[in-house]
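Structure first, then comments.
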Amino acid sequence: MANISRRKFIQMAGAGGLLAGFPYAASWGSQPKARVVIVGGGTGGAIAARYVKALDPSIDVTIVEANPRYTTCFMSNWVLAEMRDLDSLTHGYENVIARGINVIIDPATTIDTEGQKVLTQGGQSIPYDRVIVAPGIDFQWDAIEGYDAAAAEIVPHAWKAGPQTELLQNQIRAMDDGGVVAIVAPPNPFRCPPGPYERAALIAYYLRRHKPKSKIVIYDAKDAFSKQGLFQAGWARHYPGMIEWVGGFAGGKIERVDVAARTLYSEFDDFEADVLNIIPPQTAGRVAINSGLTDASGWCPVDFRDLQSTLARNVHVIGDAMVSSALPKSGYIAASTAKVAAVAVVDHLNGREPGTPAFFNTCYSLLTPQHSISVSGVYEAGTNAEGQPAILPVGNSVAVSPAGADDSFQAREARYAASWYDNLVDQGFG
Amino acid sequence: MRKKLLTATALTGLLMFAPGASADAPVSGALLAFQCAGCHGFNGHSVGPATPSLAGFPEEYFVETMMAYKEGTRHATIMDRVSWGYTREQFEAMAEFFAAQPYLPARQDFDAELAERGAAIHDQHCNSCHSEGGTFPEPDTAPIAGQWAPYLRDSFEDFLVHDRPQPRGMQRRLSALSADEIEALVQYYASQQDPAAYAH
Ligand SMILES: Cc1cc2nc3c(=O)[nH]c(=O)nc-3n(C[C@H](O)[C@H](O)[C@H](O)COP(=O)(O)OP(=O)(O)OC[C@H]3O[C@@H](n4cnc5c(N)ncnc54)[C@H](O)[C@@H]3O)c2cc1C
């Protein structure tokens, strides 16, 4: 599914105006001012492309993306609650192309940061003046012994949306009433800190209606999690007795899995379940690792002022692949960093000093279709107490929904969550 | 910080790149405003019916609204928290950006019959302050025509139930209207979808 054949690609290129790639410069009448290549056309990449093009139309912008269509992870938990289907979360590149952005569907293998070109699986070599790297995450296979790419075909992670989400949904639908769904939540840092806990609530929403005797257990490597108080209050209110959370301190850290026996092993204990969902520890997308853009943490260090890599020149990294900081790995932050990088890239290419950056995060999590909770926060680049460059929250702006919110407030937040989705996606794909 | 970076660079044997941003300069109003687009739409043109468009908002209304959120005088689910992250000067910088964007009425379904009724109610009670059928960007209000209907319903609830501040003259007129009359007004505002009507 990831790769389309060469012939199909050329057909698409002809029909949809996709760029056939090589020889690169031949497609343009006049020499472009500069070439910006974006590796990964997901949330961050598509939005960065739109902003670069909008800020300076004379720059030639090309997205190199592995898949012909992008399915958002955000709202994929809503699918498990049967509130949305995956089609409604899947977006093509027609509108991106219509804005004059080139889209090459061909996975990037490496970024040659010395030669300033992106190399692809299909054998293309795409030169750039600046590259924005936005490949999202990859998994640390075997960090949980027995959980590798092959095991994920049996026990889904569903942490990249699409077939993995369907696999999880089908297993939950096939489960008998009274069964146990076990979710293994990863250590920090990982994509979407509230995601596993929203997932528990929305699976519970499905189970409550269809298999009310069932249970969900979350085995967690951590001792605490995002929006914890609000989640636990919401679980208790809407799904009493149904969701159990086993924190790291209580033996929740899973070290090994036997996928055939659907059994999890912690240091001292083993747990069986009817449906397993393992969200493994993560790193920056493989292409970033292969291109020497990651440090020992597995993520890409950047100068927080303009998101340039500290390991290579003319390279900016945005979204989940960025080094861990106060910024969560969320869709909104992918968008936020896309804009900071787009402005900085356009400034650099026009010989201007980039200005001061500004970051913003929000994330809505659903407990039921009528009850949403949110977190929001404004961040800036600065220096921490140890004198190191850091991302800092501004004042008391990082805050969650009030605990005492009434039903009408919670229902409004659920409606705002849906509009958040529409606008977030529209920035890149609209 | 600069020195730290240099050391790190020397260690990895890489060249130093062009100097980065100067952290002391104020953030541009445009970049600040871009950060709002995930809920209010690209350049303030919301495509989500529950969150309002901000494009074309008069600067005065925009800044006063953000200050009201910051001071806690206007009901909010999230904008109070958002406003805590900024200064008045930053609101002024964002205001300039949004005011410079063209106002685009939302494309949405409406009930033509109700809209006609709403037009009459508007003319009688509301047009004195929300002139030209609510399309005009009065300095102290946003255009209300062309805004998303679900957002307008929330706004009316804010005025009627959550004590959102409003001029006495508006409160008197609004609180005298029935739920049906208010819905007719919502339909009227939603029906005004010709962008030309907003070119003042
Ligand atoms: C279940 C779940 C729920 C979530 N809910 C929320 C939420 O409510 N709110 C929120 O803000 N965030 C949420 N997130 C997080 C959000 O999905 C991510 O943070 C966001 O997608 C990150 O964007 P990105 O651009 O960095 O990466 P991605 O969106 O993953 O995009 C990466 C793109 O790069 C492409 N790519 C990767 N490698 C290559 C290569 N070698 N060559 C070419 N292309 C490549 C991929 O195909 C993909 O299109 C959720 C995540 C999950 C899993």
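Amide H of A:Ile218 versus every other amide H placed in the peptide plane: which residues, excluding those fewer than 5 positions away on the same chain, fall under 5 Å?
Amide H neighbours of A:Ile218, under 5 Å, 5+ apart: A:Ile183, A:Glu244, A:Trp245, A:Val246.
As I understand it, the dipole of chain A uses +1 on the Cβ of Lys and Arg and -1 on the Cβ of Asp and Glu, about the Cα centre. Which of A:Gly382, A:Ser88, A:Thr310 lies farthest toward its positive end?
Projecting each Cα onto the dipole axis, the largest value belongs to A:Ser88.
Using the Cα centre of the protein assembly as shown as the reference point, and only Cβ charges (+1 on K/R, -1 on D/E), how large is the resulting charge dipole? Debye, rounded to the nearest 20. Numbers along the way, then the final one.
On the way: 49 positive and 68 negative charges, 218 e Å.
The dipole of the protein assembly as shown has a size of about 1040 debye.
Counting other C-beta atoms within 10 Å, which of B:Met67, B:Met79 has the fewest, and how do the rest follow? Mind dumping the intermediate values first?
Numbers: B:Met67 14, B:Met79 17.
Taking fewest neighbouring Cβ atoms as first place, the list is B:Met67, B:Met79.
With N set to the number of residues, divide the alpha-carbon radius of gyration of the range B:112-198 by 2.2 N^0.38 Å and report two decimals.
Working: Rg = 11.9 Å, N = 87, 2.2 N^0.38 = 12.0 Å.
Normalised by 2.2 N^0.38 Å, the Cα Rg of the range B:112-198 equals 0.99.
Using a Förster distance of 41 angstrom, determine the FRET efficiency expected from the C-beta separation of A:Arg237 and A:Ala326, and round it to 0.05. Kindly include the intermediate steps, with their values, before the conclusion.
On the way: r = 30 Å, r/R0 = 0.74.
After rounding, the FRET efficiency stands at 0.85.
Would you be so kind as to identify which of B:Leu160, B:Gly85, B:Pro58 lies farthest towards the positive end of the dipole of chain B, taking Lys and Arg as +1 and Asp and Glu as -1 on Cβ and the Cα centre as origin?
Value: B:Gly85.
Any idea how far the Cα center of the range A:139-189 sits from the one of the range A:357-377, in Å?
Taking the Cα centre of each part, the range A:139-189 and the range A:357-377 sit 24 Å apart.
With θ taken as phi - 60° and the coefficients 6.51, -1.76 and 1.60, list the Karplus ³J(HN,Hα) couplings across the range A:374-385 in order, rounded to whole Hz; mark glycine and proline as x.
Values, residue by residue: 9, 10, 8, x, 10, 10, 9, 8, x, 10, 7, 4 Hz.
Calculate the length of the line joining the C-alpha centroid of the range B:30-70 to that of the range B:101-134, in whole Å.
Spelled out, the Cα-based centre of one part sits 21 Å from the other.
Please determine, in degrees from 0 to 90 and to the nearest 10, the orientation of helix B:149-161 with respect to the longest principal axis defined by the Cα atoms of chain B, where the helix direction is its Cα long axis.
Long axis of B:149-161 versus the principal axis of chain B: about 80 degrees.
Across peptide B:79-89, how many C-beta atoms of other chains are within 10 Å of each residue C-beta, on average?
Numbers: counts 1, 3, 13, 7, 2, 9, 15, 5, 2, 0, 0.
The shielding value for this peptide is 5.
Would you please state the base-10 log of I(q)/I(0) at q = 0.16, 0.18 1/Å for the range A:207-345, with intensities from the Debye formula using one equal scatterer on every alpha carbon?
Reported log10 I(q)/I(0), two decimals: -0.96, -1.04.
For the range A:287-389, what is the relative contact order in percent, using Cα pairs closer than 8 Å and at least 6 residues apart in sequence? Provide the component values of the computation, followed by the final result.
Details: 147 pairs, mean separation 19.4, N = 103.
This gives 19 percent for the range A:287-389.
If the elastic network links every pair of Cα atoms under 10 Å, which of A:Glu198, A:Glu65, A:Glu82 fluctuates the most in the Gaussian network model of chain A?
In this elastic network of chain A, the residue with the biggest mean-square fluctuation among A:Glu198, A:Glu65, A:Glu82 is A:Glu82.
What is the extension gain from A:Asn350 to A:Arg69, computed as 0.36 nm multiplied by their sequence separation minus the C-alpha to C-alpha distance, in nm to one decimal? Walk me through the numbers before you get to the answer.
On the way: separation 281, 0.36 × 281 = 101.16 nm, distance 3.24 nm.
Gain on stretching A:Asn350 to A:Arg69: 97.9 nm.
For peptide A:323-335, compute the average count of partner chain beta-carbon atoms within 10 Å of each residue's beta-carbon. Don't skip to the answer; put the middle values down first.
Working: counts 0, 0, 0, 0, 0, 0, 0, 0, 1, 3, 1, 1, 4.
Rounded to a whole number, the mean comes out at 1.
If I model a spin label as a point 7 Å beyond the Cα along the Cα-Cβ vector, how far apart are those points for A:Asp295 and A:Gln388 in nm?
That separation, rounded to one decimal, is 0.6 nm.
Is the shape of chain B rounded, prolate or oblate, going by the alpha carbon gyration tensor and its root eigenvalues a ≥ b ≥ c, with a/c under 1.5 for rounded and a/b larger than b/c for prolate? Don't skip to the end; give the middle numbers.
Details: a/c = 2.93, a/b = 2.33, b/c = 1.26.
Prolate.
Taking the Cα centre of the range A:151-278 as origin, sum charge times position over the Cβ atoms of Lys and Arg (+1) and Asp and Glu (-1), and report the length of that vector in debye to the nearest 20. The partial results should precede the final answer.
Numbers: 15 positive and 15 negative charges, 127 e Å.
Taking the Cα centre of the range A:151-278 as origin, the dipole is about 600 debye.
Can you give me the long-range amide H partners of A:Ala390? Hydrogens built in the peptide plane at 1.01 Å from N, cutoff under 5 Å, separation of 5 or more residues or another chain.
The answer is A:Gly382, A:Thr383, A:Asn384.
With θ taken as phi - 60° and the coefficients 6.51, -1.76 and 1.60, list the Karplus ³J(HN,Hα) couplings across the range B:164-176 in order, rounded to whole Hz; mark glycine and proline as x.
These are the phi-based 3J(HN,Hα) values: 4, x, 8, x, 3, x, 6, 4, 4, 5, 5, 6, 7 Hz.
Counting other Cβ atoms within 10 Å, keep those with at most 11, restrict to DSSP loop, and tell me which trypsin sites (Lys or Arg not before Pro) in the range B:102-192 are left.
Values: sites: B:Arg107, B:Arg117, B:Arg153, B:Arg168, B:Arg172, B:Arg173; in loops: B:Arg107.
Listed in order of number, the matching sites are B:Arg107.
Taking θ = phi - 60°, what integer Hz values does the Karplus form 6.51 cos²θ - 1.76 cosθ + 1.60 yield along the range A:103-119, in sequence order, with x for Gly and Pro?
Along the range A:103-119, the couplings run 10, 10, 8, 5, x, 6, 8, 8, 9, 7, 6, 6, x, 6, 8, 9, 9 Hz.
Rank B:Gly56, B:Gly29, B:Gly134 by mean-square fluctuation in a GNM of chain B with C-alpha springs under 10 angstrom and give only the top-ranked residue.
B:Gly29
Using a ≥ b ≥ c from the Cα gyration tensor of chain A (square roots of the eigenvalues), is it rounded, prolate or oblate, where a/c under 1.5 gives rounded and otherwise the larger of a/b and b/c decides, a/b for prolate?
On the way: a/c = 1.76, a/b = 1.55, b/c = 1.14.
In terms of gyration-tensor shape, prolate.
In units of 2.2 N^0.38 Å, what is the alpha-carbon radius of gyration of the range A:297-347?
On the way: Rg = 10.1 Å, N = 51, 2.2 N^0.38 = 9.8 Å.
With N residues counted in the range A:297-347, Rg over 2.2 N^0.38 Å equals 1.03.
Given DSSP loops and a limit of at most 16 other Cβ atoms within 10 Å, what is the longest stretch of chain A that contains no such chymotrypsin sites (Phe, Trp or Tyr not before Pro)?
A:269-430
Could you give me the percent of Cα pairs per 5 Å distance bin for the range A:252-302, shortest bin first, beginning at zero and ending with the bin that holds the maximum distance?
That works out to 5, 17, 21, 12, 9, 13, 15, 8, 1, in percent per bin.
Using amide H atoms built in the peptide plane, which far-off residues or other-chain residues are under 5 Å from A:Val302 H to H?
Under 5 Å from the amide H of A:Val302 lie the amide H atoms of A:Thr310, A:Val323, each far enough along the sequence or on another chain.
Of all the C-alpha pairs in the range A:151-278, what % are more than 16 Å from each other? Mind showing how you got there, number by number?
On the way: 4879 of 8128 pairs.
Within the range A:151-278, distances greater than 16 Å cover 60 percent of Cα pairs.
Once label points are set 7 Å from the Cα along Cα→Cβ at both A:Arg208 and B:Arg88, what is their separation, rounded to one decimal in nm?
Label-label distance for A:Arg208 and B:Arg88, simple model: 4.6 nm.
Of all the C-alpha pairs in the range A:378-430, what % are more than 15 Å from each other? The partial results should precede the final answer.
Values: 937 of 1378 pairs.
For the range A:378-430, the fraction of Cα-Cα distances above 15 Å is 68 percent.
Could you identify which residue out of A:Pro127, A:Pro135, A:Pro280 has the top mean-square fluctuation in a GNM of chain A using Cα springs shorter than 10 Å?
Of A:Pro127, A:Pro135, A:Pro280, the most mobile in the Gaussian network model is A:Pro127.
Any chance you could give the angle, 0 to 90 degrees and rounded to 10, that helix A:407-429 forms with the longest Cα principal axis of chain A?
Long axis of A:407-429 versus the principal axis of chain A: about 30 degrees.
A short reminder: the numbers here are calculations on the coordinates, not readings from a lab. Because the structure is a prediction, the values reported are computed rather than measured. Neighbour counts run over all protein chains shown; Cβ positions are idealised from the backbone, glycine included.
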